[in-house]
Amino acid sequence: MNTYRSKFEERLAKDLINFTYECTTLLYNKRTSRKMECLDCGSAHVLQKAKYLTDFRLSNGIYIEAKGWFKPSDRTKMESVIKCNPDVDIRMLFQKDGWTTKKKIQKYSEWCDKRKIKWAVGKVPIEWVRE
């Protein structure tokens, strides 16, 4: 029996049949939070390798990241994870199509569309399962 990190993930798991939960770790580049300098070029824009633990993996190999609140740090991370793993099919599933800013300029779905990331709201589309 899995222990899920949110009620949203728990609800999604009840709807899915063939899946694994938090089974794969992917590497991605992350900007360092400490002041560092590249010893080769002197740049202050130093990246470090970080690990991303996937939420759900469908039996067809599609990975699903389930989000209730899609924080700025999550958006930065997901953009880097997808960029660093171009051969991995990662899709976003949102509890609701919320706003990325308080000024309500861009929705989560629009953020994904701009980056060509497949997304859905509420539950996993049957099309994703059948692919």
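Summary table
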quantity	calculated
Computed E for Thr3/Arg31 - FRET, C-beta separation, R0 25 angstrom, nearest 0.05	0.20
In order through region 73-89: 3J(HN,Hα) via Karplus (6.51 cos²θ - 1.76 cosθ + 1.60), integer Hz, x for Gly, Pro	5, 5, 5, 4, 5, 5, 4, 5, 4, 5, 5, 7, 10, x, 8, 9, 8
Assigned charges on the beta-carbon of Lys, Arg, Asp, Glu; the chain dipole about Cα centre (debye)	620 debye
3J(HN,Hα) from dihedral phi, region 6-16, Karplus parametrisation 6.51/-1.76/1.60, rounded to Hz, x for glycine, proline	8, 5, 4, 5, 4, 5, 4, 4, 5, 7, 8
Å² of accessible area per residue within the chain, as computed with a 1.4 Å probe and no ligands counted	68 Å²
Computed E for Glu22/Lys102 - FRET, C-beta separation, R0 41 angstrom, nearest 0.05	0.85
Helical contribution to [θ] at 222 nm, DSSP H n ≥ 4, -39,500 (n - 2.57), averaged over the chain, rounded to 500	-7000 deg cm²/dmol
Under 23 Å from the Cα of Lys30 - lysines, other chains or at least 8 residues apart	Lys49, Lys51, Lys67, Lys71, Lys77, Lys83, Lys114, Lys116, Lys118
Accessible-area composition of the chain, carbon plus sulfur, in percent [1.4 Å probe]	50 percent
Virtual spin-label span in nm between Asp15 and Gln48, 7 Å along Cα→Cβ	3.7 nm
Pairwise label distance in nanometres, Lys83 with Lys71, each label 7 Å out on the Cα-Cβ vector	2.0 nm
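The values are calculated or read from the model by the stated rules, or taken from the named source; none is laboratory data. Being a predicted model, the structure only gives us computed values, none of them experimental. Counting neighbours? That spans all protein chains shown, and the Cβs are built from the backbone with ideal geometry, glycine included. The area values use the complete protein model at the heavy-atom level, side chains included, leaving out ligands, DNA and RNA. Shrake-Rupley method; radii C 1.70, N 1.55, O 1.52, S 1.80 Å.
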